[in-house]
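I have placed the structure first, in the form of structure tokens, so that the comments after it can refer back to it.
Just so it is clear, none of the values below were taken in a lab; they were calculated from the coordinates. Predicted, not measured: the structure shown is a model, and the values here were computed from it. A quick note on method: Cβ atoms are made from the backbone with ideal geometry, for glycine too, and the neighbour counts reach across all protein chains shown.
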Amino acid sequence: MTNATVLVVDDEDLIRWSVGERLRGEGYTILEAATGQAALERFKEGVDLVLLDYRLPDIDGLAVLREMKKLDADVLVILLTSFVSVETAVEAMKLGAFHFANKPFNLDEISALVARALETTRLRREVRQLRANEARPYGLRAIVGESAAMEALRQMIAKVAASPASTVLLTGESGTGKDLVAKTI
């Protein structure tokens, strides 16, 4: 997911700068925030992923995570922290955190986490799209093929579908598309 927008939220300038520079070098658009309030404002600009410090000067990182999930339940958030307890980790996961990165972290680790999170986002969108397509009613577009025989079949299906006949018998070999034609009618 190149051209993705990543919001980096940390009160330490060096962390924001180093993570931002690394991810910019990989082709991502980077937004930065040093406080929880600033993060919530930048978040509204539209982001694909958030790297969020657990300890911020104004708002707790979990509170920021909670608010972000209210605004966009699908956004993935990676928490950055050097202070993590089991209780905090469990609460963060319940709130929808994608992963934790312990400080100090390696920039290669962050790059890999970002790539994995964005791939997860891409796959989730693809699954949603496929499910939406599957849920759509069948139509003549679902019957593929450009031959004269397929065009004649589409015309016949349209004619039968428009007729007041209440019963249609479809016959043919297994795998020839009887179910597709029935759903189209």
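Key figures
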{"read-out": "Under Karplus coefficients 6.51, -1.76 and 1.60, residue-wise ³J(HN,Hα) of the range 111-120 in Hz, glycine/proline x", "value": "4, 5, 4, 4, 4, 5, 5, 5, 5, 4"}
{"read-out": "Projected label distance in nm at residue 41 and residue 147, using a 7 Å step from Cα toward the beta-carbon", "value": "6.5 nm"}
{"read-out": "Computed over the chain: relative contact order in percent, which uses C-alpha pairs under 8 Å that are six or more apart", "value": "16 percent"}
{"read-out": "Percent RCO, i.e. relative contact order, over the range 57-166, from Cα pairs under 8 Å lying at least 6 residues apart", "value": "19 percent"}
{"read-out": "Descending Cα extents along the principal axes, the range 66-185, whole Å", "value": "70, 29, 26"}
{"read-out": "Karplus-derived HN-Hα couplings along the range 81-92 (A = 6.51, B = -1.76, C = 1.60, θ = phi - 60°), whole Hz, x at Gly and Pro", "value": "7, 10, 10, 10, 10, 4, 4, 5, 4, 5, 4, 4"}
{"read-out": "Dipole-positive endmost among 161, 30, 127 within the chain (Cβ charges, Cα centre)", "value": "161"}
{"read-out": "For residue 103, distant residues with modelled amide H under 5 Å away", "value": "81, 82"}
{"read-out": "Angle in degrees between helix 148-162 and the longest Cα principal axis of the chain, rounded to the nearest 10", "value": "90 degrees"}
{"read-out": "Peptides 98-110, 39-51 ordered by average Cβ neighbours within 10 Å, highest first", "value": "39-51, 98-110"}
{"read-out": "Inter-probe distance in nm under a simple model that places probes 7 Å from Cα toward Cβ, at residue 55 and residue 67", "value": "2.0 nm"}
{"read-out": "Charge dipole of the chain about the Cα centre (unit charges at C-beta), most positive-ward option of 84, 184, 59", "value": "184"}
{"read-out": "Backbone N within the range 1-35 under 19 Å of label point (7 Å from residue 108 Cα along the Cβ vector)", "value": "18-27"}
{"read-out": "Ratio of Rg to Rh over the range 5-134 (Cα coordinates, Kirkwood Rh, two decimals)", "value": "0.96"}
{"read-out": "Gained length - residue 179 relative to residue 83, 0.36 nm times residue gap less alpha-carbon distance", "value": "28.8 nm"}
{"read-out": "Per-residue Cβ neighbour rank within 10 angstrom, fewest leading, 18, 82", "value": "82, 18"}
{"read-out": "Estimated 222 nm signal from helices in the chain, with DSSP H stretches of n ≥ 4 weighted -39500 (n - 2.57), rounded to 500", "value": "-16000 deg cm²/dmol"}
{"read-out": "Pairwise FRET efficiency - residue 131 versus residue 14, Cβ, R0 = 30 Å, nearest 0.05", "value": "0.10"}
{"read-out": "Karplus (6.51, -1.76, 1.60) ³J(HN,Hα), θ = phi - 60°, over the range 25-34, in Hz, Gly and Pro reported as x", "value": "x, 9, x, 8, 8, 10, 10, 10, 8, 9"}
{"read-out": "Of every Cα-Cα pair in the range 140-184, the percent that sits beyond 13 Å", "value": "58 percent"}
